[in-house]
Each structure stands twice: as structure tokens, then as C-alpha cells.
Amino acid sequence: MARAAVTILGGPDADLLKECGRPECTQVYLDHSRGSRREWCAMATCGNKMKAAAYRARQRGNPPLTPSRQS
């Protein structure tokens, strides 16, 4: 595990390493998406929860909480 981390951090994939945009999540991932626009470690878990929270906020008339607006 440590060897894989050193390989990633010291290699060309270091710029692809990102932290999940969900505040409660501590996962990191390699963003291989087109345009490097991925925000969550996994859509099935964190992405779904964040999108559902944004939907509920819109229904209440509040602006959605996005990764760039989190404190």
C-alpha cells in the first residue's frame, strides 16, 4: 500500500489525486474523468448523497451546498 502511494505521489498521476467533495468523506481518488471534473470518490455513495442534498435544498429554496462553497 505504501509503495503504491509513493508511486502515485511521485509519478505523473500526482495531479490527478483529489479529495472527495462530500464533507463527511475522507476518501481520495484519482480523477481520470474527461476534463478532470469529478467531485466525489464514488457516485453510488457520496455523489448520490450530495445530489440528493442539493435537490432538497433547491426544493426548500436554499442554494445547494457545492464543494466550492463548503467551509
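The values are calculated or read from the model by the stated rules, or taken from the named source; none is laboratory data. Everything numeric in this text was worked out from a predicted model, so none of it was measured. Positions of Cβ are generated from backbone atoms using ideal geometry, with glycine treated the same way; all protein chains shown enter the neighbour counts. Only protein heavy atoms, including side chains, enter the accessible area calculation; ligands, DNA and RNA are left aside. Shrake-Rupley method; radii C 1.70, N 1.55, O 1.52, S 1.80 Å.
Search the stretch 25-43 for residues being assigned to a helix (DSSP H, G or I) and open to solvent by 90 Å² or more (accessible area, probe 1.4 Å), and hand back the single one that is modelled with the lowest pLDDT. Only one residue fits best here, namely 34. Which of the following residues is touching a helix residue (DSSP H, G or I) at 6+ places or on another chain (Cβ under 8 Å), of a type outside the set (A, V, I, L, M, F, W, C) and either part of a helix (DSSP H, G or I) or at pLDDT 90 or above (or both): 22, 58? Just one listed residue meets the conditions, 22.
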